[in-house]
């Protein structure tokens, strides 16, 4: 008998097939392969992108390379085909009973590495940390612009997951509105807080750590787990163990651990699911909101294993053929290179 | 400059690209083609499906054919691989802080025609009407079962839209819960009603009929239109012009007109978009609810034109490359066979 399960944050019911659960090999798998060819994100092609906003350029022989030239390891540029425009004043208008505004926003690309053949999963933890710092740096800069209510950071890996260029990159979209799913999560988390006076994510982490059946991996600051009521097979979340409402407030020590947690998850997914295409999204509090006790930032990782889902869009009704306990077990047991956490400094009292 | 538009029912903001709007030929189009081969839904293979629940069997030479034999034009059978099981008592349980219940429900398949090479678009209006009557008959039967809160009727056309068998069919899933998107629409519609004391869909229909730029087609009882803030290019809705909260309450005259409206839309989409894969969903009030003034049933039609959308699932954030006014114009201007409405009987007072 299948099981209906409710997501404790947004209240979404999903069907979890328990009888004929799909194992990793049951999915149609067309692993992501790098094809090569001309690439505007590659080293030496800096003039093929809009002018860089940020770059990490290591000092060599006492000198740092010039902007928009080689010599970088990570580079942030405006999206050449932005979904939103950066210039102008926000103009809210009615159109009869309807509401609209001009499409003000920022759309940037984080080029994660200068190496066309690398993927986020096989960068060193230090390089992944650099990408996370770039996310933070861009958020802190963009949140000064009071027109922006939300900053969305996401990654599409592989053509099947919506990536139009194969060179490893993430994207950032700064928005004058809240995306609806984020708004629902915030509302659900707030309602839970009003009822319980506790953060729903903190409660969830506590229960998952006690139960362990949906835990994929863990380090000092982060827990990686399959959520109780996932929409998609092998959907996995990474959450900070300590309550923190916004990604950009994380400490340097946190980013170090997050880079390791992320690398571990991506390597495990590559191993278990044969280099799957995937989407990765950071869910965080709205950038203009003060630090709060009810929302807990996290990363959602969704490998694209099922070929289609148009129907789900129309209904919000999901049938997940892989119980999260099964998915977590496959990922947990996958043997990958150990990404060790640096020794923890012991506080001397 | 792109435009941000808000859906008036659920409050979802979407980005509508207005600058480089995608025309029908800009989409990657792999039209749905019928390949043939063995098919359990075909005439003569009645014993390859579970036993039929309902069939329309025209009388020939004064006799009607036997159940589960040839002689039918439309047939409803249980899904051989149901997402939910029909037997048992609904058992709601806690799992720590989480909520679950056993997967009780019905999952049926409506085989729309005995002809393997037909599509819903090229059935006669009368045959399409039969399919709509079958939806109604099954809803009226299943709603007697008080375990079911919602009955979802949908159609996946083409492999890319999730159809696993190519023979024209729709599906019905009876659920003990409300799908989240339906719950949000109901809540949005209720909130609007509290505020305005009018149905949001009735207001919307009024404005669209006055404006006409998003209207695709119209007949006596139905209007076909591109919504103001669609998530997907060429997303189209069919709504009854007069307020009605539930699909199954429609009169016989309504089904006649709906069959024509549906056929017209599907033919126009086939013409403009080269036989696209699509998803079609009926949104209606929960089956155990009394008739209400705030929710207005309708059909949502979503051709699958963009290859991927994993990212949208994670955020509820949509970028639509085709303004609905453009989509509506292409569909409106597409010349297709006239599906005439039968003359309206004039009431004699």
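Restricting the search to the stretch B:28-41, which residues are surrounded by 14 or more Cβ atoms within 10 Å (Cβ to Cβ) and at pLDDT below 85? Selection gives B:29, B:30. Annotation: residue B:301 fulfils all but one of (1) farther than 27 Å from residue B:33 by Cβ; (2) modelled with pLDDT of 95 or more; (3) outside any helix (DSSP H, G or I); the unmet one is (1).
Any chance you could count how many residues in the stretch A:57-108 are more than 14 Å from chain B (Cβ to nearest Cβ) and either in a loop (DSSP other than H, G, I, E, B) or at pLDDT 95 or above (or both)? Looking only at that region, the number is 21. For the stretch A:12-27, filtered to residues that are in a loop (DSSP other than H, G, I, E, B) and in contact with a helix residue (DSSP H, G or I) (Cβ under 6 Å, 6 or more places away or on another chain), the residue that is surrounded by the most Cβ atoms within 10 Å (Cβ to Cβ) is A:12.
Since residue A:235 meets every condition but one in (1) crowded, with 17+ Cβ neighbours inside 10 Å; (2) closer than 20 Å to residue A:269 by Cβ; (3) over 15 Å from the mean Cα position of the chain (by Cα), which condition does it not meet? It is condition (3) that residue A:235 fails.
Yes/no matrix, rows are residues, columns are (1) buried (at least 23 other Cβ atoms within 10 Å of the Cβ); (2) under 24 Å from residue B:312 (Cβ atoms); (3) touching a strand residue (DSSP E or B) at 6+ places or on another chain (Cβ under 6 Å):
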| position | (1), (2), (3) |
| --- | --- |
| A:264 | yes, no, yes |
| A:272 | no, no, no |
| A:299 | yes, yes, yes |
| A:328 | yes, no, yes |
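Scan the stretch B:153-178 residue by residue and report those that are closer than 20 Å to residue B:55 by Cα and assigned to a strand (DSSP E or B). Residues satisfying the conditions are B:153, B:154, B:155, B:169, B:170, B:171, B:172, B:173, B:174. If you go through the stretch B:168-201 one residue at a time, how many are away from every other protein chain (no Cβ under 13 Å) and surrounded by fewer than 21 Cβ atoms within 10 Å (Cβ to Cβ)? Number satisfying all stated conditions: 5. The condition of being farther than 23 Å from residue B:164 by Cβ, outside any helix (DSSP H, G or I) and in contact with a helix residue (DSSP H, G or I) (Cβ under 7 Å, 6 or more places away or on another chain) holds for only one of A:40, A:50, that being A:40.
Considering only residues in the stretch B:330-349 that are surrounded by 15 or more Cβ atoms within 10 Å (Cβ to Cβ) and at pLDDT 85 or above, the one that is farthest from residue A:177 (Cα to Cα) turns out to be B:336.
The numbered conditions (1) surrounded by 15 or more Cβ atoms within 10 Å (Cβ to Cβ); (2) within 9 Å of another protein chain (Cβ to nearest Cβ); (3) farther than 30 Å from residue B:324 by Cβ are all true for residue B:8 except (3).
The values are calculated or read from the model by the stated rules, or taken from the named source; none is laboratory data. Given the structure is predicted, the values throughout are model-derived calculations rather than measurements. Using ideal geometry, Cβ is built from the backbone for each residue, glycine included, and neighbour counts are taken over all protein chains shown.
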